[in-house]
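Okay, so here's the structure we're looking at.
The values are calculated or read from the model by the stated rules, or taken from the named source; none is laboratory data. As the structure is a computational prediction, the values presented were derived from the model and not from experiment. Virtual Cβ from ideal backbone geometry, glycine too; neighbours counted across all protein chains shown. What goes into the accessible areas is simple: the full protein's heavy atoms, side chains included, and nothing from ligands, DNA or RNA. Shrake-Rupley method; radii C 1.70, N 1.55, O 1.52, S 1.80 Å.
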Amino acid sequence: MRCKICGAKLRKEGDICKSCYEEYCKEEALEKDTKEILKLGRKYLPKYQLTRYGDWYIIFVIILIALISQKQILLSILCLLFSLIALIVALFWTKKRAVNTTCTFYEKKIVFQSKPKKKTIAYSDLKDITYYQNFFQKIFHLGDIQFHPESGTYLLGGFEIKDVPDIEENWEKIQEIIQTKKEV
Ligand SMILES: [Zn+2]
């Protein structure tokens, strides 16, 4: 007899081996864990979002000056219109993403959701958390938090939630939760 899931040889009669059974029990326990401790969202702050396109503003101004100096008025207006539309689309898209992104801390696990993506990590599989803030995020009290799994990086197996509001306060709360969970 072999394990139905991993194919390992079974010593006793049964469908799955001990390690697959343990894995299954762990997953089921995580699935049943629905008690929320803390829920974080991604903040959409237009003031901050407008600071993110600095390089593009410079390119835009250079192109506009070049066009005006060549007396290309129609092209200048088109350039202006196109840039405005691009900016509105970018802001709209970021807002949509922000509304659909949450990071929820439960008793045993952390669930990151950025619809339609969903990632779950158990505290026991979490190695470390870090946070990053750029110059403007600092001004608006926003920050990005990375969750690093025991194996892999936050991009692989872990996740990152961007633009968490009241970052100083929330960072303290998260660290407290993770410390207590890790000690258990
Ligand atoms: Zn197995």
(message) Which pairs turn up if I take residues in region 2-17 that are more than 6 Å from the ligand (Cβ to nearest atom) and look for partners that are in a loop (DSSP other than H, G, I, E, B) and β-branched (V, I, T) with beta carbon separation below 7 Å, at least 6 apart in sequence or on another chain?
(response) K4/I16
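Conditions (1) over 30 Å from T104 (Cβ atoms); (2) exposed (fewer than 13 other Cβ atoms within 10 Å of the Cβ), marked per residue:
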residue	(1), (2)
L10	yes, no
K18	yes, no
E22	no, yes
E27	no, yes
Y48	no, no
D55	yes, yes
V61	yes, yes
(message) When the residues of region 32-46 are narrowed to those that are of a type in the set (K, R) and open to solvent by 100 Å² or more (accessible area, probe 1.4 Å), which ends up nearest to the chain's Cα centre (by Cα)?
(response) K39
(request) Can you tell me which residue among E150, E160, E107 is surrounded by 12 or more Cβ atoms within 10 Å (Cβ to Cβ) and under 13 Å from the mean Cα position of the chain (by Cα)? (result) E160
(message) Could you tell me how many of the residues in region 123-152 are over 17 Å from V111 (Cα atoms) and of a type in the set (A, V, I, L, M)?
(response) 2
